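Peer 1: Here it is, the structure in full.
Bear in mind these aren't lab numbers, they're just calculated from the coordinates by the rules spelled out. Remember, predicted model here, so these are calculated numbers, not experimental data. Virtual Cβ from ideal backbone geometry, glycine too; neighbours counted across all protein chains shown.
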Amino acid sequence: MTSRRIALASLVLLGSASALGAGRTRYGGEVRVAHAGPPEVGEPALADTPLEATLLGLLSRPVCGVTPEGEIHPALARELSRPTPQVTRVTLPNAATATALARAWTRLSSTDGASPYRALLYPLRGEGRQVTASGASLELALSFPWPDLERALCHPALAAPVASSTPGPFLSAGRGALDAQLGWPRGRPYLDRLLLTATDERGLARLWSTRQVQVELGVGSETDNAPAGALLYATYLAFSPRRLPTDFRQAVESSIDREDLTRLFVHGPAVPMPHLLPPALMPQPPKPRPAAPASGPARTVTLVYDAALDDQRAVAERIQVKLHERGYTVALEPLARSALRARWAKGDFELMLHAVLLPPVPGPALAVVLDAGGRKDLLGVELPAIGALSDAAARDARVRERALALAASLPLLPLYAQGLGLRAMPEVGGLVMDAQGLPMLDGAFLLPTEGAGTGGRP
Amino acid sequence: MSRAWVVAPLLLSLTAHAAPRSSTDETVSAVQRLSRELASDVRALPAEAPVALYFSGGSAELRRAVGSVLAARLAAEGLAPSVVDAPSAEAAESVARAQGARTLVRLTLEVEAGALRARGDALGTWVNFWSGRALTRPARPSGALVESVDADAEVLALASVGTPTTTPPTGGPRGVRLLGATLVRLEQPVAALAAGDLDGDGRDEVAVLTEDTVSVFAADGQLLARRELGSLPFSNATTREPFGALAVLSGPPRLAAWSTRRAQGEVLVLDKGRSTLRAVGTLDSAPLGPVERGGFVPGQTAFQAEVRLGDGRPVTLLAPFTTSSFAPPRMLFVHADGTGSLYSRVGATPTRLGGLGAGSALGDLDGDGTPELLTTSALLQPSPDVLRVHALNGGGDPTVHEPLWQGPLPTGRALFVVTANLDGDERREVIVGLLKPDGTGELFLLRQGAP
């Protein structure tokens with residue numbers, strides 16, 4: 001499948017049968033969008049909730065996107081190619097964009113980056129720390145065969161920081177207004193303008209009921225015309241094996257009911273995640289819950305979590321209650337995401353709720369999970385063996401097999417996976433999710449009403 | 001209720017709707033594929049030699065072609081076939097019996113819904129001596145035969161041969177009845193479509209522009225040449241959907257192509273001997289027709305509202321347009337809202353049309369010297385898309401009158417329509433460029449069928 005097939009296929013599937021427009025999607029108009037996220041998003045590696053990644057994606061995109069069928073299409077890049085099997089060439093719109101992207105990736109891969117998404121660049125020579133631009137191109141040399149590199153590069157965390165030199169589908173016009181970017185390499189969005197409103201849950205409900213917005217992001221109840229995306233935002237309970245008893249995993253597994261978490265404590269769409277990878281990537285059934293370990297001496301531990309996420313607060317409180325039954329007194333400590341990642345990078349925590357947006361491809365997803373679990377050392381062992389398999393299905397099967405085998409050795413307890421809830425008014429067409437489970441608002445358009453074409457005939 | 005639902009039952013009864021497909025082997029002709037399936041069915045009856053074949057339906061040429069190929073296949077099976085001629089299927093039974101056949105296969109052929117179909121039966125012709133005058137039938141062989149394969153350009157050529165070309169007494173347009181078949185399947189969606197004689201043989205070739213390639217196909221769908229546009233610089237204002245302009249230029253046969261993905265277009269010459277398209281120049285404006293030029297609306301699947309004619313005169317339209325078609329002196333422009341501007345000649349006040357699809361064109365389908373208006377659905381997502389053919393007699397809006405012909409198209413959005421002279425006769429064929437639901441493209445050929 002080629003660069004625009006997914007978008008075109010989506011247009012064919014999602015257009016309204018009654019809308020007139022000479023058979024072509026019409027340009028123009030503005031759509032009002034409300035969301036329950038921050039008014040501004042930060043750097044890509046930290047804007048990794050589905051909602052924040054969506055908002056970031058309006059202004060800055062990674063070099064490519066992945067279709068739900070697993071095919072790659074250029075996004076920020078003009079082209080992706082492999083001049084040799086061990087080199088991927090990314091051709092960008094201009095040299096400034098290439099330089100900005102090279103800098104961003106080098107920073108992400110450095111120890112200062114403190115991000116598990118650095119694992120996406122691990123197969124590059126120097127683990128991605130030596131990416132340099134050559135004119136408008138990036139030549140990415142692999143240190144071992146890794147056929148999924150391009151799919152990994154499509155991850156939102158690898159988008160360039162928002163800047164004038166790195167075009168996105170939209171351009172900020174101030175006060176929440178985003179104008180269509182004419183020079184976007186994938187073609188300008190159909191809409192002329194998006195008007196964004198940041199609010200809270202009550203605000204979303206009010207704006208929707210009064211029809212003041214046409215699209216809402218980050219909602220639990222979706223409308224019929226809203227597409228469902230993959231649930232790849234995975235939340236784990238990370239723990240420090242050095243600071244906790246050996247039966248801690250058993251204590252958690254025996255006390256925490258993942259179904260309870262997704263049903264009662266976190267926003268939908270969400271599913272329990274019994275294995276290292278989300279069910280979308282690893283559909284194996286859950287293992288039976290173990291019995292509670294023999295009670296030991298009472299312990300006091302601290303659980304750090306992301307202060308910006310209500311879901312994590314609710315889950316942290318639930319864990320606090322359930323672990324109390326196992327003799328643990330859990331103190332809760334909310335932290336800003338950047339501080340949380342810094343603590344993770346230093347290994348400075350006892351318990352941590354750690355959420356990552358996993359790529360929709362098992363191999364790169366396992367790489368991120370291994371790094372998130374503090375086992376970066378395993379990347380050099382596991383990834384070359386996976387990348388040596390040229391068949392994609394065989395690679396994916398191998399990843400699932402290794403994820404099962406490695407689960408017990410990683411200080412990570414998978415909890416649940418989430419996606420982005422979205423609802424849209426009927427007049428908004430063309431809303432589709434990418435393989436990452438994020439809506440592509442640049443493909444949205446306003447449906448002309450029936451009869452807009454004078455003298456229209458069926 | 002949408003008007004699409006009102007006409008849907010009517011359209012379903014017409015020809016050329018989405019095809020059921022029983023065979024995917026595209027390297028073998030449709031006649032060969034159908035004959036292979038039928039031979040397999042006859043052998044499985046099992047048939048008793050000699051086998052008589054009787055055909056009805058379709059054109060005489062199509063019947064003879066299928067008869068010859070099927071007979072050859074049955075002969076290879078040792079079934080000693082013969083093709084019988086009879087005034088009716090019932091009469092064929094006695095003809096076959098008189099010729100000494102032990103099995104009679106009676107088939108009706110039709111080209112419908114983009115498929116070549118054969119339906120009929122097989123029966124034994126042996127009559128028991130003790131039956132006397134009663135023409136009893138034996139228990140075996142017997143069976144029903146139904147086979148269908150995707151039609152191809154060869155089938156359309158066979159089905160259309162022999163169509164009467166008499167002009168109706170009123171002097172109005174001749175009858176139009178189109179049969180359709182897939183001409184080419186494309187990995188990429190179509191960005192622009194054109195037809196013209198690029199090799200000087202008096203018959204048109206079909207040129208297709210996709211996002212990054214230009215391809216030229218012969219009338220039978222064979223690829224003559226393809227050129228990648230990768231050497232051209234990228235455009236700074238591309239379109240989300242593949243879009244562009246493609247035209248066969250007047251004078252020496254040349255093809256002008258410009259994809260919105262690229263910052264400039266190219267003028268190409270077909271070298272049929274080497275199967276190449278050679279660049280002989282660049283373009284500074286979008287080629288809309290043999291001599292007509294325009295400009296893209298940056299980033300949109302539309303052209304600017306000003307067109308420059310061959311003599312340099314500008315024509316200013318009411319609005320940007322997505323489609324243009326030229327059949328001198330007439331000009332048609334379809335705007336983004338599904339309206340159209342039809343000029344009877346340059347300088348005349350345009351007739352405003354409504355309900356036009358992006359797949360619209362002017363072309364003489366019936367050979368009466370006056371072009372017809374062809375248009376697809378104005379709906380964004382028609383199911384199925386429909387091609388209508390309207391007569392352009394007199395002034396006024398031709399779409400307010402009943403169409404000369406209409407029929408549904410295969411699944412997908414029909415965004416491109418051109419007419420072409422593929423066989424050298426007076427009646428032009430129709431080529432529709434479809435965007436398929438899986439994001440691929442297809443060229444669907446329609447030509448006059450047997451009445």
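Peer 1: Strictly greater than 48 Å: what percent of every Cα pair in the protein assembly as shown meets that?
Peer 2: 36 percent
Peer 1: Out of B:Ser344, B:Gly100, B:Val269, whose Cα points farthest toward the positive end of the dipole of chain B (charges: +1 Lys, Arg; -1 Asp, Glu; placed on Cβ)?
Peer 2: Ranked along the dipole, the leading option is B:Gly100.
Peer 1: Can you give the average number of partner chain beta-carbon atoms within 10 Å of each beta-carbon in peptide B:335-342, as a whole number?
Peer 2: So the per-residue partner count for this stretch is 6.
Peer 1: Taking the convex hull of the Cα atoms, report for the stretch B:288-403 its projected area averaged over all directions, in nm².
Peer 2: 7.5 nm²
Peer 1: Report, in degrees rounded to the nearest 10, the 0 to 90 angle that the Cα long axis of helix A:362-372 makes with the longest principal axis of chain A.
Peer 2: 50 degrees
Peer 1: To the nearest Å, what is the center-to-center distance of the stretch A:114-153 and the stretch A:295-329, using C-alpha atoms only?
Peer 2: 37 Å
Peer 1: Once phi is turned into θ = phi - 60°, what whole-Hz ³J(HN,Hα) does the Karplus curve with 6.51, -1.76 and 1.60 give for every residue of the stretch B:255-266, x standing for Gly and Pro?
Peer 2: 10, 10, 9, 8, 8, 5, 5, 10, 7, 8, x, 10
Peer 1: Against the empirical 2.2 N^0.38 Å scaling, what ratio does the C-alpha Rg of the stretch B:226-275 come to?
Peer 2: 1.25
Peer 1: Considering only C-alpha atoms, what is the centroid distance from the stretch A:155-223 to the stretch B:280-319, in Å?
Peer 2: 34 Å
Peer 1: While we're looking at this one, here's another question. Which translational diffusion coefficient, to the nearest whole µm²/s, is obtained for the stretch A:233-418 from the Stokes-Einstein equation, given a Kirkwood hydrodynamic radius over C-alpha pairs, 20 °C and 1.002 mPa s? Mind dumping the intermediate values first?
Peer 2: Details: Rh = 16.8 Å.
Once the numbers are plugged in, D ends up at 127 µm²/s.
Peer 1: Next question, about the same structure. Restricting to bridges with both residues inside the stretch A:233-418, how much of the DSSP beta-bridge set is antiparallel, in percent to the nearest 5?
Peer 2: Close to 60 percent.
Peer 1: Tell me the net charge near A:Lys376. Cut-off is 14 Å between Cβ atoms, A:Lys376 excluded, with +1 for each Lys or Arg and -1 for each Asp or Glu.
Peer 2: 0
Peer 1: To continue, here is another question. Give the angle, between 0 and 90 degrees and rounded to the nearest 10, that separates the Cα long axis of helix A:310-324 from the longest principal axis of the Cα atoms of chain A.
Peer 2: 20 degrees
Peer 1: To continue, here is another question. Percent of alpha carbon pairs in chain A separated by more than 37 Å?
Peer 2: Working: 27224 of 104653 pairs.
Everything past 37 Å amounts to 26 percent.
Peer 1: Okay, moving on. Report, in degrees rounded to the nearest 10, the 0 to 90 angle that the Cα long axis of helix A:5-14 makes with the longest principal axis of chain A.
Peer 2: Roughly 70 degrees, rounded to the nearest 10.
Peer 1: Also, I was wondering about something else. Restricting things to Cα coordinates, could you compute the convex hull volume per residue of chain B in Å³?
Peer 2: 165 Å³
Peer 1: Also, quick follow-up: How large is log10 I(q)/I(0) at q = 0.13, 0.18, 0.22, 0.24 Å⁻¹ when the Debye formula is applied to the Cα atoms of the stretch A:250-333, each weighted equally and without solvent?
Peer 2: Here the Debye-derived log intensity ratios amount to -0.47, -0.88, -1.17, -1.26.
Peer 1: What ranking do B:282-290, B:270-278, B:32-40 get when scored by the average of other Cβ atoms within 10 Å per residue, highest first?
Peer 2: Result, highest mean first: B:32-40, B:282-290, B:270-278.
Peer 1: Under the rule of at least 5 residues apart or a separate chain, name every residue whose amide H is placed under 5 Å from the amide H of A:Leu76.
Peer 2: Placed amide hydrogens put A:Val63, A:Cys64 under 5 Å from A:Leu76.
Peer 1: By the scheme Lys and Arg +1, Asp and Glu -1, what is the net charge of all other residues having a beta-carbon under 13 Å from that of B:Pro328?
Peer 2: -1
Peer 1: Related question: Convert each backbone phi in the stretch A:241-253 into a coupling constant with the Karplus relation 6.51 cos²θ - 1.76 cosθ + 1.60 (shift: θ = phi - 60°), then list the ³J(HN,Hα) values in order as whole Hz, x for Gly and Pro.
Peer 2: x, 6, 9, 10, x, 5, 8, 4, 4, 5, 4, 6, 4
Peer 1: If you don't mind, there's one more thing I want to ask. Excluding residues fewer than 8 places away in the same chain, name every one of the lysines whose C-alpha is closer than 30 Å to that of A:Lys287.
Peer 2: The reachable lysines, counting only those whose Cα sits under 30 Å from A:Lys287, are A:Lys322, A:Lys376.
Peer 1: Related question: Going by average Cβ neighbours within 10 Å, how do the peptides B:343-353, A:424-434 rank, with the highest at the top?
Peer 2: Highest mean packing first, the order is A:424-434, B:343-353.
Peer 1: Another question about this same structure. Dividing the Cα convex hull volume of the stretch B:274-327 by residue count, how many Å³ per residue is that?
Peer 2: Hull volume over Cα atoms, normalised by residue count, gives 132 Å³.
Peer 1: So, in Å, what gap is there between the alpha-carbon centers of the stretch A:46-80 and the stretch B:74-124?
Peer 2: First find each Cα centre; the distance between them is then 60 Å.
Peer 1: While we're on this one: Work out the P(r) tail for the stretch A:104-188: percent of alpha carbon pairs separated by more than 23 Å, whole number.
Peer 2: Summing the P(r) of the stretch A:104-188 above 23 Å gives 33 percent of all pairs.
Peer 1: Residue by residue through the stretch B:328-341, which ³J(HN,Hα) values in whole Hz follow from phi under the Karplus form 6.51 cos²θ - 1.76 cosθ + 1.60 (θ = phi - 60°), with glycine and proline marked x?
Peer 2: x, x, 7, 9, 10, 10, 10, 8, 5, 8, x, 8, x, 10
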